[in-house]
Amino acid sequence: CANKKSSAYEPLNENGAIALAKKLQLFEENSQLTCNEIGDGNLNLVFKVKNIESGESIIIKQALPYAKVVGESWPLTLDRSRIETNALLKQAEFVPQYVPRVFYSDEALAITIMEDLSHLQIARAALIEGNDLPLLSQHIGEFLAKTLFYTSDYGLNQHYKKTLVKQFINPDLCKITEDLVFTDPFFNHNTNDYEQELQQDVEKIWEDQTLKLETAKLKQLFLTKAEALVHGDLHTGSIFADENETKVIDPEFAYFGPIGFDVGQVFANLLFNVLARNPEHQGVIYNHIETTWDVFVTEFSNAWNKDALEIFAKVDGYLEHVLTEIFEEAVGFAGCEIIRRTIGLAHVADLDTIEPFERRIATKQVALSLGSELIKNRKSITSPQQFKEYVKQ
Ligand code: SR1
Ligand code: MG
């Protein structure tokens, strides 16, 4: 990957993206190129540039100086593009099979040019359609274990890790998570967005002092526990997949945080899909949750036994202690993600597309009480099999 500081920032348009691809000689000379802006996320521009004759294509992703979902009134650092490029490159050191290849990046233009994955489907959309992505959890469990172990103090030179912590300081994007995941949904805040039919359920959350105390503890972990380089926004919309392949994209929220945060976001987003399904189709997604955790434990333990650099790693019980803590925190973080995606600013299609409306509201009520229970009872939930009992309750 070539990394270059170019001239001043300006947002690209489709012609500009083609001109840039030509200038960088990313296609053969005289290729006929087309370009479409295909970004459907909350924050960035995403251009797909394609050679008409050969069909080859690339993605040019560019950060905007504000949050696209809200507009210019919400300024947002362009530095997230540097973070994303560097996180993709770091993850590729451990799991190149699960991240898009990066071809080029430019900090000043806030662009990352990468492999086009449009032969795959966004996992959230696939799961909503009922395409069960049989290898998804196997791959995500391994992605989590390797990216998180090998960037933690357990698996990385502890002095070098501190230089990485510095490189991945990401205050603006962390602030979004601190506000949207850990704060606003628990108070009467103007970023919240929910149906009026949920007003009573929402007020129950705002009045629940035990829930608030436990959420405060989880927020404090997110603020302070620099355990490993987490993806930071690992929902099913950040995963491309098909029957054979899985690619994790969009690590612009990456920073050194608690391992359980990534694991918990995966749990939560699979649970949304469970809640949206009819009971006879839920089993396959519960299996994905269990497999994610089982594969995570196996791969993390293998890496620990083979490559741990921490001298205490061989002390009996230490690995088990670390895994128990990761799971407990993941359950709590999953609870926060469930609540914020139900009543906060950024929703998920799994819940928002449920028809009829009455079932959507009833499912969101279940989601809110599930989220609250996961946060409050995270210490007594010790295996992913217990999620089923909590959903039934
Ligand atoms: C303003 S950003 C809203 C959400 O979109 C991103 O994908 C993150 O999940 C963030 O919380
Ligand atoms: Mg994203």
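Just read off the accessible area of PHE187 with the full protein assembly in place, 1.4 Å probe, to the nearest 10 Å².
My reading of the accessible area for PHE187 is about 110 Å².
How would GLU115, GLU53 line up by accessible area, probe 1.4 Å, largest first?
GLU53, GLU115
In a shell of Cβ-Cβ distance under 12 Å around LYS247, excluding LYS247 itself, what net charge do Lys and Arg (+1) and Asp and Glu (-1) give?
Values: positive: ARG101; negative: GLU115, ASP116, ASP242, GLU245, ASP250.
That sum, taken over residues with Cβ under 12 Å, equals -4.
Normalised by the residues of the chain, what does the relative contact order come to in percent, with Cα pairs under 8 Å and at least six apart?
After rounding, I find 17 percent.
Contact order normalised by length for region 50-164, with contacts defined as Cα pairs under 8 Å and 6 or more residues apart; what percent is it?
Normalised by residue count, the contact order of region 50-164 is 22 percent.
Express the carbon and sulfur contribution to the solvent-accessible surface of region 60-193 as a percent, rounded to the nearest whole number, probe 1.4 angstrom.
Carbon and sulfur: 55 percent of the exposed surface of region 60-193.
Any idea of LYS146's accessible area? Nearest 10 Å², probe 1.4 Å.
Approximately 50 Å² for this residue.
Could you run the Karplus curve 6.51 cos²θ - 1.76 cosθ + 1.60 with θ = phi - 60° over region 217-228 and give me ³J(HN,Hα) per residue in whole Hz, x for Gly and Pro?
Those phi angles translate into 5, 5, 4, 4, 5, 4, 6, 10, 8, 7, 7, 7 Hz.
Need one value: the accessible area of TYR104 in square angstrom, 1.4 angstrom probe, rounded to the nearest 10.
Its accessible surface works out to 20 Å², give or take rounding.
Among PHE186, VAL322, LEU33, whose Cα projects farthest towards the positive end of the dipole of the chain, with charges put on the beta-carbon of Lys, Arg (+1) and Asp, Glu (-1)?
Of the candidates, VAL322 comes out farthest on the positive side.
Quick one: which residues, 5+ away or cross-chain, put their amide H under 5 Å from the amide H of TYR255? H built at 1.01 Å from N.
When sequence neighbours closer than 5 places are left aside, the close amide H contacts are VAL230.
Would you mind getting me the FRET efficiency between GLU320 and GLU56? Use the beta-carbon distance for r and R0 = 30 Å, nearest 0.05.
With R0 = 30 Å, the Cβ-Cβ based efficiency is 0.05.
At 0.36 nm per residue, minus the direct Cα-Cα distance, what do ALA362 and ILE169 gain on full extension? Give it in nm, one decimal, please.
65.5 nm
Could you tell me the distance between the Cα centroids of region 333-393 and region 139-176, to the nearest Å?
28 Å
Please state the Cα pair-distance histogram of region 235-284 with 5 angstrom bins from zero: what percent is in each bin?
4, 16, 21, 25, 19, 9, 4, 1
Rounded to the nearest percent, how much of the accessible area of region 243-393 (1.4 Å probe, protein heavy atoms only) is carbon and sulfur? Please report the intermediate quantities before stating the final value.
On the way: 2950 of 5760 Å².
Result for region 243-393: 51 percent of the exposed heavy-atom area is carbon or sulfur.
Please report, in whole Å³, the volume per residue of the convex hull around the C-alpha atoms of the chain.
It is 141 Å³ per residue.
Compute the helix-to-body angle for 79-94: its Cα long axis versus the longest principal axis of the chain, expressed 0 to 90° and rounded to tens.
Helix 79-94 and the main axis of the chain meet at about 80 degrees.
Based on Cβ point charges of +1 for Lys and Arg and -1 for Asp and Glu, what charge dipole magnitude is obtained for region 127-231 about its Cα centre, in debye rounded to the nearest 20?
About 960 debye.
Hey, in the GNM for the chain with a 10 angstrom Cα cutoff, which one of GLU28, GLU207, GLU325 fluctuates hardest?
Of GLU28, GLU207, GLU325, the Gaussian network model singles out GLU28 as fluctuating most.
Obtain the nm distance between the two label points defined at ALA313 and SER73 by a simple spin-label model: each point lies 7 Å from its Cα along the Cα-to-C-beta direction.
About 5.1 nm separates the two model spin labels.
Between ASP40 and ALA216, how many nm apart are label points set 7 Å from Cα along the C-beta direction?
So the two model labels end up 4.1 nm from each other.
I need the phi-derived Karplus couplings for region 375-387: 6.51 cos²θ - 1.76 cosθ + 1.60, θ = phi - 60°, integer Hz, Gly and Pro marked x.
My calculation for region 375-387 gives 5, 6, 9, 4, 6, 9, 9, 10, 8, x, 4, 5, 4 Hz in order.
If amide H atoms are built 1.01 Å from N in the plane of the peptide, which residues on other chains or at least 5 residues away come under 5 Å of the amide H of ARG101?
GLU115
First check a/c for region 258-393, with a ≥ b ≥ c the square roots of the eigenvalues of its C-alpha gyration tensor; if it is under 1.5, answer rounded, and if not, answer prolate when a/b is larger than b/c or oblate otherwise. Spell out each step's value before the answer.
Numbers: a/c = 2.53, a/b = 2.22, b/c = 1.14.
Prolate.
Enumerate the lysines that LYS212 could reach by cross-link, defined here as Cα to Cα under 26 Å, with residues fewer than 8 away along the same chain left out.
Cross-link targets: LYS175, LYS204, LYS225, LYS364, LYS376, LYS379, LYS388, LYS392.
Per residue of region 27-38, what does 6.51 cos²θ - 1.76 cosθ + 1.60 with θ = phi - 60° give for ³J(HN,Hα)? Whole Hz please, x for Gly and Pro, Karplus curve as stated.
Once rounded to whole Hz, the list reads 10, 4, 4, 6, 5, 8, 10, 10, 8, 10, 7, 10.
With charges set only on the Cβ (+1 for Lys and Arg, -1 for Asp and Glu), what does the dipole of region 250-368 come to about its Cα centre, in debye to the nearest 20?
On the way: 8 positive and 19 negative charges, 84 e Å.
It comes to approximately 400 debye.
Please give the per residue accessible area of the chain, computed with a probe of 1.4 Å over protein heavy atoms only, in Å². Walk me through the intermediate numbers first.
Numbers: 16980 Å² over 393 residues.
About 43 Å² of surface per residue is accessible.
The values are calculated or read from the model by the stated rules, or taken from the named source; none is laboratory data. Quick caveat, the model's predicted, so the values are computed rather than measured. Because the Cβ atoms are built from the backbone with ideal geometry, glycine has one as well, and the counts that use them run over all protein chains shown. For accessibility, only protein heavy atoms count, side chains too; no ligands or nucleic acids. Shrake-Rupley method; radii C 1.70, N 1.55, O 1.52, S 1.80 Å.
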